[in-house]
Amino acid sequence: MKTKLLFILVSFFILGCSTFPKEADSSHTAATWTETQRLELLENRQDPATWDLDLLETDKQMAGYSFGPFQLGAFPVPDYELAGKNSFRGLGYKNEEFALHNKTLLMNSFFVAENELNRNRLQGKKDEVFFQIIVLTDTIDKENYALDQRVVVSRNHPDYLGQGFVATKELKIDYLAFQTAENTAYAIVNTRLFDLKHGKTIIIAPQKDNSLRSLQVRSPQLTSESVTGYTRELLKQKEIIDFLEQQANI
């Protein structure tokens, strides 16, 4: 059963750090997503002739599962190539556990692979992180990992959405983030809204009184390969250490 479920998950979502193969084409200049294309996408979502029915059949098997604040839905979606040839190369997440003195931190990040719509912005990088969250926690499940889940979804292509949660002893930290083809990105953490143009890294410190504290960091352009090293260096900064080691924190 676990093997079958894993197969369905991989079919429905892009999990872990894998991306789709990329064809070499360095001479082509990336397109810019236009308002006309946005309107065409909206029309295609209502036009059954454009739908990828194989994806829909796969998605039906996962309807109702939850890896974050929202249950997964099975909506019909237009064929990805209608948004532009090679406009989708994959997406994924990168997660790690970190220690800061006697504190435990869980990090997760969502990334999108280089494609024809973001190529100019990425400037040769293989992917870009559009959201990173670091949560201070007081409990870890190293057997089932049931206290720390996440998923990233491509079905809104060329917009992408990721969600997840971290459960502490007393609280559940739910989060959701999305990036549009126009490079607009927002996140929500337990109903707090973050405009990610002011920083893609969000640090959450649950408090002993069950309230929350947040710190938004204006991180550099991160990739799936650089995000772990960046986090290690970030956790050495005095401002970050002071924030995470406040006595009111869990």
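The values are calculated or read from the model by the stated rules, or taken from the named source; none is laboratory data. Bear in mind the structure is a predicted one, so any value in this text is a computation, not a measurement. In this analysis, Cβ positions are derived from the backbone assuming ideal geometry, glycine residues included, and neighbour counts consider all displayed protein chains.
Residue under question is THR223, and the condition is that it be at pLDDT 95 or above and over 15 Å from VAL135 (Cβ atoms); does it hold?
Numbers: at pLDDT 95 or above: yes; over 15 Å from VAL135 (Cβ atoms): yes.
For THR223, the condition - at pLDDT 95 or above and over 15 Å from VAL135 (Cβ atoms) - is met.
Take region 221-250 and flag every residue that is under 18 Å from THR137 (Cα atoms), hydrophobic (A, V, I, L, M, F, W, C) and part of a loop (DSSP other than H, G, I, E, B).
Residues satisfying the conditions are LEU235, ALA248, ILE250.
Given (1) buried (at least 19 other Cβ atoms within 10 Å of the Cβ); (2) modelled with pLDDT of 95 or more; (3) not hydrophobic (A, V, I, L, M, F, W, C), where does PRO76 come up short, assuming only one miss?
For PRO76, the exception is condition (1).
Those residues that are over 20 Å from LYS200 (Cα atoms) and touching a Lys or Arg at 6+ places or on another chain (Cβ under 7 Å), I need them from region 117-144; list them, please.
If the condition is that a residue be over 20 Å from LYS200 (Cα atoms) and touching a Lys or Arg at 6+ places or on another chain (Cβ under 7 Å), then ASP138, THR139 are the ones that fit.
Does GLN221 meet the test of being surrounded by fewer than 17 Cβ atoms within 10 Å (Cβ to Cβ), touching a Lys or Arg at 6+ places or on another chain (Cβ under 8 Å) and more than 30 Å from PHE88 (Cα to Cα)?
Numbers: surrounded by fewer than 17 Cβ atoms within 10 Å (Cβ to Cβ): yes; touching a Lys or Arg at 6+ places or on another chain (Cβ under 8 Å): yes; more than 30 Å from PHE88 (Cα to Cα): no.
Taking the combined requirement at face value, the residue does not satisfy it.
May I ask you to verify whether ASP138 is of a type in the set (Asp, Glu), surrounded by fewer than 21 Cβ atoms within 10 Å (Cβ to Cβ), in contact (Cβ under 8 Å) with a residue 12 or more places away in the chain and touching a strand residue (DSSP E or B) at 6+ places or on another chain (Cβ under 9 Å)?
Working: of a type in the set (Asp, Glu): yes; surrounded by fewer than 21 Cβ atoms within 10 Å (Cβ to Cβ): yes; in contact (Cβ under 8 Å) with a residue 12 or more places away in the chain: yes; touching a strand residue (DSSP E or B) at 6+ places or on another chain (Cβ under 9 Å): yes.
Judged against the criteria, ASP138 is a match.
Would you check which residues across region 45-88 are within 20 Å of the chain's Cα centre (by Cα), within 20 Å of THR34 (Cβ to Cβ) and of a type outside the set (A, V, I, L, M, F, W, C) and list them?
Hits for region 45-88 are TYR80, SER87.
Per-residue answers, yes or no, for (1) in contact (Cβ under 8 Å) with a residue 60 or more places away in the chain; (2) in a loop (DSSP other than H, G, I, E, B); (3) among the polar types (S, T, N, Q):
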residue: ALA146; (1), (2), (3): no, yes, no
residue: VAL152; (1), (2), (3): yes, no, no
residue: TYR186; (1), (2), (3): no, no, no
residue: SER219; (1), (2), (3): yes, yes, yes
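This table checks each residue for (1) within 17 Å of the chain's Cα centre (by Cα); (2) modelled with pLDDT of 95 or more; (3) loosely packed, with under 15 Cβ neighbours inside 10 Å.
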site	(1), (2), (3)
ILE202	yes, yes, no
GLN216	yes, yes, no
VAL227	yes, yes, no
ARG232	no, yes, yes
LYS238	no, yes, yes
ASN249	no, yes, no
